[in-house]
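Below you'll find the structure, written out as structure tokens, and then a few comments.
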Amino acid sequence: MANKASRWLKDCGIGCALVGLVLIVVWVGGCLFLKQTFRGIGQAIESHEELIDRFGEIEGFAPPAHGAMAPDRVERFLAVRETLGEHQASIEAILAEIPGPDTESDEVARMLVKVFGILGDLIAAGGEYVNTRNQALLEQEMGLGEYLYIYSIAYYSWLGHDPEDGPERTVDGRRERLLGGDEDEEQDALCAPQSLRRRWRRTMSAMLDNQLAALGSEGPGDPWHERLTAEIARFDDEPRFVPWHDDLPPAIAAALEPYRDRFEATYNKTCNCFEVPPEEREMEWKWSD
């Protein structure tokens, strides 16, 4: 738990000395508070497991063999996205309260109390966001694999958003990343750009391979088979490549275009990092009720 708290606080721009002080506060007086806060994470994990039990593993999802999503599936996806606006606004409001990196020493005590509260609020809000999304997926009878596939194709490939998108703020006229920076020790943080891209590439690669396999007897010589094979090869060879980003197949574009306004309205850069689930080793712990 100390390592997790340390990482969260570093992500928020808090210096090493303050991290130590905050951890003392957590150790001495915060156990019951954190137990209550992490209950939301436990609920998110439980709903995640229910989705996996009902619809299968994320990496097992096979997209439509020829690419285009059925209108009903797009409608269900957007219905899920449209349940999340209030939670997105809540997370953004909490992040806006994070103190800057230039806090004066005489403000340390006050800042400790504030950061501890922000940390708890953010963990709880993140858990509520993911659990709300998962519950909406269950209601719409859509698995996480299908959700992440449509999310990737619509927001990254079609609209051009970055898989590494996450919360930022402006400091002295420049953009600064929150919840996961660019330093080597932060590469495993939930919202660190490297972690986001690695997790997304793992899931997307598996789903594209499933899509190719779903073509069955349509082997080399079939134009779509050759095009999909080439896209997968490029994705494997180029670490920063987003499939179809520069040449979205007409059938997929036609399936998405009628919903452009709703897709544009439901993307949230700040909360993008909550969409790709952590790797299995990062989900092995639970906070018991």
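Kindly establish whether D209 is under 15 Å from the mean Cα position of the chain (by Cα) and either basic (K, R) or modelled with pLDDT of 75 or more (or both). No.
In a residue-by-residue description of region 9-20, the property of being in contact with a Lys or Arg (Cβ under 9 Å, 6 or more places away or on another chain), at pLDDT 50 or above and surrounded by 19 or more Cβ atoms within 10 Å (Cβ to Cβ) applies to no position. Go through region 131-149 and give me each residue that's surrounded by fewer than 23 Cβ atoms within 10 Å (Cβ to Cβ), in a helix (DSSP H, G or I) and of a type in the set (A, V, I, L, M). A136, L138, L148, listed by residue number. From the list G160, G221, the lone residue that is at pLDDT 90 or above, at positive phi and surrounded by fewer than 18 Cβ atoms within 10 Å (Cβ to Cβ) is G160. Of all residues in region 40-55, those that are under 16 Å from A136 (Cβ atoms) have Cβ atoms under 9 Å from Cβ atoms of residues that are at pLDDT below 90 and among the charged types (D, E, K, R), 6 or more apart or on another chain, in E46/K286.
For beta carbons closer than 6 Å, sequence separation of 6+ or different chains, a first residue in region 237-254 that is within 19 Å of L196 (Cβ to Cβ) and a second that is aromatic (F, W, Y), the qualifying pairs are F241/F235; V242/Y156; P243/F235. Being at pLDDT 85 or above and out of contact with any Cys (no Cβ under 6 Å at 6 or more places or on another chain) holds for only one residue in R169, R199, R174, and it is R199. Can you pull out the residues in region 224-235 that are acidic (D, E) and either farther than 20 Å from A65 by Cβ or surrounded by 17 or more Cβ atoms within 10 Å (Cβ to Cβ) (or both)? Scanning region 224-235 gives a single hit, E231.
The values are calculated or read from the model by the stated rules, or taken from the named source; none is laboratory data. All figures in this text were calculated on a predicted structure; none of them were measured in a lab. Note: ideal-geometry Cβ built from the backbone for every residue, glycine included; neighbour counts use all protein chains shown.
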